[in-house]
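The values are calculated or read from the model by the stated rules, or taken from the named source; none is laboratory data. None of these values were measured; they are calculated from a predicted model. Here Cβ is always computed from backbone atoms with ideal geometry, including for glycine, and neighbour counts include all displayed protein chains.
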Amino acid sequence: MQVASSALWIFFGVMQVWRYTKTGDQFLLWTGLLIGAGHLVRFIITMFRTPKAEVYFSEIEKAAFKSRNGNKFLDLKLRSGLKRRIRSIEPVSEELKGFLAEKQLPIR
């Protein structure tokens, strides 16, 4: 959904800049550049994200249980320095804490 949304906003930004070339209205130029460039950055970041379905225990360095705005999630810091976030752990958070403690992983 983010890719399609960003692509549409990039197209809108390009069309705004194109309209600027016809009319000379500065507002069209700057709004088109801001919208197009902002969503181009978002599009590139979205394309370079690499979701990983499996993380092996040997890769995990630390685990941290966090909560923001009522949503609970688990942040894993891997030995390579990368971080992985597991969302929607609400129903099994206590089981996960016990399981990770059993595997002797540092938990925050």
- Restricted to segment 39-63 and to residues being basic (K, R) and surrounded by 11 or more Cβ atoms within 10 Å (Cβ to Cβ), the residue nearest to G13 (Cα to Cα) is R42
- Note on the structure: By residue number, the members of segment 40-66 that are without any contact (Cβ under 8 Å) to a residue 24 or more places away in the chain and more than 17 Å from the chain's Cα centre (by Cα) are E54, Y56, S58, E59
- Complete set of residues in segment 87-108 that are within 20 Å of the chain's Cα centre (by Cα) and either surrounded by 14 or more Cβ atoms within 10 Å (Cβ to Cβ) or assigned to a loop (DSSP other than H, G, I, E, B) (or both): S88, I89
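Out of all the residues in segment 12-69, which are in contact with an Asp or Glu (Cβ under 9 Å, 6 or more places away or on another chain) and farther than 20 Å from K83 by Cβ?
The first filter runs over segment 12-69 and keeps only residues in contact with an Asp or Glu (Cβ under 9 Å, 6 or more places away or on another chain), leaving 19, 62-66.
Correct list: R19 only.
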- Some residue of segment 42-55 being in contact with a strand residue (DSSP E or B) (Cβ under 7 Å, 6 or more places away or on another chain) and of a type in the set (D, E): no
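Look through R68, R84 and report the one residue that is basic (K, R) and surrounded by 13 or more Cβ atoms within 10 Å (Cβ to Cβ). So that I can check it myself, show each step before the final result.
Numbers: R68 fails: surrounded by 13 or more Cβ atoms within 10 Å (Cβ to Cβ).
The match here is R84.
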- Query: With respect to the numbered conditions (1) outside the structural domain of K97 (by TED's automatic domain parsing); (2) surrounded by 14 or more Cβ atoms within 10 Å (Cβ to Cβ); (3) not β-branched (V, I, T), which one is the sole condition not fulfilled by L34?
  - Reply: (2)
- Message: Just checking, does segment 58-70 include any residue being polar (S, T, N, Q) and assigned to a strand (DSSP E or B)?
- Response: yes
